[in-house]
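J.: Structure below; questions to follow.
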Amino acid sequence: MRMEGTFEVGAPRERVWRCITDPTLMVACIPGCEEIAPVDARRYRARVLVEVGPVKARFNLVVEVVEELPFERVASVTRGEEGTRASILSAENMVILAEIGPALTEVRYSSDVSVTGRLAKYGLGMMKKRVDRLGVEFAERFRERIAAGATSA
Amino acid sequence: MSALAHLHRPATIEEAVRLLAAGDGERVRLLAGGATLVAMMNAELVDPAELVSLAAIAELRGIRALADGGLRIGAMTRHRETAAEARLAGAAAVLREAAARIANPVVRNMGTIGGSIAFADPAADYPPALVAADAAVEIAGRRGRRQVPAREFFVDWFATALAPGEMVTAVLLAPPAPGRGSYDKLCRVSGDFAIASVALSVAWRDGACERVGLAVGGCGPRPLHLDEADALLRSGRLGEAAARRAGELLAAAADPLEDVRASAAYRRRVIPRMVERAVAQARAQLEANR
Ligand SMILES: Cc1cc2nc3c(=O)[nH]c(=O)nc-3n(C[C@H](O)[C@H](O)[C@H](O)COP(=O)(O)OP(=O)(O)OC[C@H]3O[C@@H](n4cnc5c(N)ncnc54)[C@H](O)[C@@H]3O)c2cc1C
């Protein structure tokens, strides 16, 4: 399942870069993300809650940065599973930042996600719709954070 | 799979709500017909520690007439009962027809209207029928009862206006009006969930349309309904041009899935055809009655 999207943020690229590489800010922006903690220089541990109707799934994930080109792009892989319930998730992610103006940055993200186990029994079509919407929610929260930071700075 | 869930059998709605409120939405779950919930437990999608069976609550059972002539369908009413209810006639027949098209006799003997709408499967048959009929959903919670129009009850994929700790107690319908209610379901094989469905409820008097409700199922996160389409059909007296325009509007507003049943594009294509057919049938009946 592939998810991708693009959104613009009214801030310089360097600032956007610092934000997307700041775990505490990311926790606040990723829908369902309850915790992110660095493991080492390249890896983070994250806990994410996914809710679809009556089903709730809490994933323990490890995100590993596999390629980083400061201010421009970061590629990562995500692996993890639900505590006891044997759904396994893996994803290859890419975030690319493009400078559109001195205070305008385009964020392009894509992720190839695969889920196996109990959650895969849910229709994938609906999962994709959900995930696409999470992307939109993420963009909104991210923009709000940056705007809030911009006024207090 | 973990240990067997503890089963409660409260005798009143208040007691059921109290038991439900003690959980966090995951640990304690309501058990109606079990057609969906038990399958989900078997698939390890949910794993409740406590189940609150609604089977012993008399108030939730059966269909009865209200003082104003409207109908109250208790949450535990089985699909089979609703499918056989003679009072669901005229404009309200849309609900009876939808019930008759759910799955197969086994599921219709098990499943309940409360369980179906609380689960809010986007391909389920009751949601568009209730939206077309402009029914209301009665809800009970710790703070008492409230009513929500069906048009506001369905919120998203598998999401409703129910707050944590609340349950569906009944579906309420306005007094049955002369007219026509129809439910058309397109599916791969009889008994399957809908690829797309069209629910139409028309109330008429003296050859004029008084109320039109049109809703499409299976083509978005919630039943697709547009006031504009209803108004067009009413003012256009179910005419061909109005039907075509209503179908186009609904197809444009649809947000269908791509799944094992059909592609999103296919679903968008069948909506106008199904709408036109349903409206043409209603028009024929309206003209025959004149
Ligand atoms: C093989 C199969 C085929 C099916 N095909 C169709 C079909 O073609 N069309 C269609 O519309 N449906 C179909 N269904 C679904 C069927 O209609 C179910 O009966 C219905 O979705 C759930 O009703 P239930 O009474 O069995 O609820 P349950 O399985 O007992 O509960 C379902 C969910 O709703 C909650 N719940 C139950 N009652 C209430 C209440 N009063 N208030 C709040 N929450 C409540 C439960 O906690 C649970 O989360 C099918 C089901 C099966 C198993």
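J.: Residues in segment A:44-63: is at least one without any contact (Cβ under 8 Å) to a residue 12 or more places away in the chain and either away from chain B (no Cβ under 14 Å) or exposed (fewer than 13 other Cβ atoms within 10 Å of the Cβ) (or both)?
T.: no
J.: Kindly evaluate residue B:125 against the criterion of being among the acidic types (Asp, Glu), within 14 Å of the ligand (Cβ to nearest atom) and either closer than 20 Å to residue B:211 by Cβ or within 14 Å of another protein chain (Cβ to nearest Cβ) (or both).
T.: Taking the combined requirement at face value, the residue does not satisfy it.
J.: For residue B:38, only one of the following conditions fails: (1) within 9 Å of the ligand (Cβ to nearest atom); (2) assigned to a helix (DSSP H, G or I); (3) modelled with pLDDT of 95 or more. What is its number?
T.: Only one criterion is unmet by residue B:38, namely (3).
J.: I need a count of the residues in segment B:170-189 that are within 16 Å of the ligand (Cβ to nearest atom) and buried (at least 23 other Cβ atoms within 10 Å of the Cβ).
T.: Total meeting the criteria: 4.
J.: Consider residue A:80 carefully, then state whether it is surrounded by 18 or more Cβ atoms within 10 Å (Cβ to Cβ) and modelled with pLDDT under 90.
T.: For residue A:80, the condition - surrounded by 18 or more Cβ atoms within 10 Å (Cβ to Cβ) and modelled with pLDDT under 90 - is not met.
J.: What tally of residues in segment B:71-124 results from selecting those that are crowded, with 19+ Cβ neighbours inside 10 Å, basic (Lys, Arg) and either at pLDDT below 95 or over 25 Å from residue B:256 (Cα atoms) (or both)?
T.: 3
J.: Confirm whether residue B:162 is outside the structural domain of residue B:274 (by TED's automatic domain parsing) and part of a loop (DSSP other than H, G, I, E, B).
T.: The answer is yes for residue B:162.
J.: Being over 26 Å from residue B:243 (Cβ atoms) and away from the ligand (no atom under 11 Å from the Cβ), is that true of even one residue in segment B:190-200?
T.: no
J.: When you go through (1) part of a helix (DSSP H, G or I); (2) free of Cβ contacts under 8 Å to residues at least 24 places away in the same chain; (3) under 30 Å from residue A:86 (Cα atoms) one by one for residue B:45, which number turns out not to apply?
T.: Just one mismatch for residue B:45, condition (1).
J.: Restricting the search to segment B:37-61, which residues are within 11 Å of chain A (Cβ to nearest Cβ) and over 15 Å from residue B:8 (Cα atoms)?
T.: Within segment B:37-61, B:37, B:39, B:40, B:41, B:42, B:43, B:44, B:45, B:46, B:47 meet the criteria.
J.: Right, something else. Being within 13 Å of the ligand (Cβ to nearest atom), touching a residue at least 40 places away in the same chain (Cβ under 8 Å) and either assigned by TED's automatic domain parsing to the domain that holds residue B:93 or of a type in the set (Phe, Trp, Tyr) (or both) narrows it down to one of B:16, B:75, B:32, so name that one.
T.: Step by step, each of B:16, B:75, B:32 is checked, and only B:75 is within 13 Å of the ligand (Cβ to nearest atom), touching a residue at least 40 places away in the same chain (Cβ under 8 Å) and either assigned by TED's automatic domain parsing to the domain that holds residue B:93 or of a type in the set (Phe, Trp, Tyr) (or both).
J.: While we're looking at this one, here's another question. Name the residues in segment B:21-36 that are away from every other protein chain (no Cβ under 13 Å) and closer than 17 Å to residue B:166 by Cα, would you?
T.: Scanning segment B:21-36 gives B:21, B:22.
J.: Of all residues in segment B:4-34, count the ones that are at pLDDT 95 or above and of a type in the set (Gly, Ala, Ser).
T.: So the answer is 5.
J.: Pick from segment B:201-217 the residues that are within 16 Å of the ligand (Cβ to nearest atom) and of a type in the set (A, V, I, L, M, F, W, C): which of them is farthest from residue B:177 (Cα to Cα)?
T.: Once the filter is applied, the top-ranked residue is B:216.
So that you can scan it fast, the table gives a plain yes or no per residue for (1) surrounded by 14 or more Cβ atoms within 10 Å (Cβ to Cβ); (2) among the small types (Gly, Ala, Ser):
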{"residue": "B:6", "(1), (2)": "no, no"}
{"residue": "B:18", "(1), (2)": "yes, no"}
{"residue": "B:23", "(1), (2)": "yes, yes"}
{"residue": "B:27", "(1), (2)": "no, no"}
{"residue": "B:32", "(1), (2)": "yes, yes"}
{"residue": "B:36", "(1), (2)": "yes, no"}
{"residue": "B:39", "(1), (2)": "no, yes"}
{"residue": "B:50", "(1), (2)": "yes, no"}
{"residue": "B:59", "(1), (2)": "yes, no"}
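J.: Looking at (1) within 17 Å of the chain's Cα centre (by Cα); (2) within 16 Å of the ligand (Cβ to nearest atom), can you tell me which one residue A:54 breaks?
T.: Here residue A:54 meets the rest and fails (1).
J.: Among (1) farther than 27 Å from residue B:25 by Cβ; (2) exposed (fewer than 14 other Cβ atoms within 10 Å of the Cβ); (3) modelled with pLDDT under 90, which single condition is residue A:21 missing?
T.: The one condition residue A:21 does not meet is (2).
J.: Just need a number here: residues in segment B:128-146 that are more than 21 Å from residue B:91 (Cα to Cα) and either of a type outside the set (Val, Ile, Thr) or away from the ligand (no atom under 13 Å from the Cβ) (or both).
T.: The qualifying residues number 7.
J.: Checking residue B:252 against (1) away from chain A (no Cβ under 14 Å); (2) at positive phi, which test does it fail?
T.: Result: residue B:252 passes all but (2).
The values are calculated or read from the model by the stated rules, or taken from the named source; none is laboratory data. Just so it is clear, the model here is predicted, and its values are computed rather than measured. Glycine also receives a Cβ, built like all others from the backbone with ideal geometry; neighbour counts cover every protein chain displayed.
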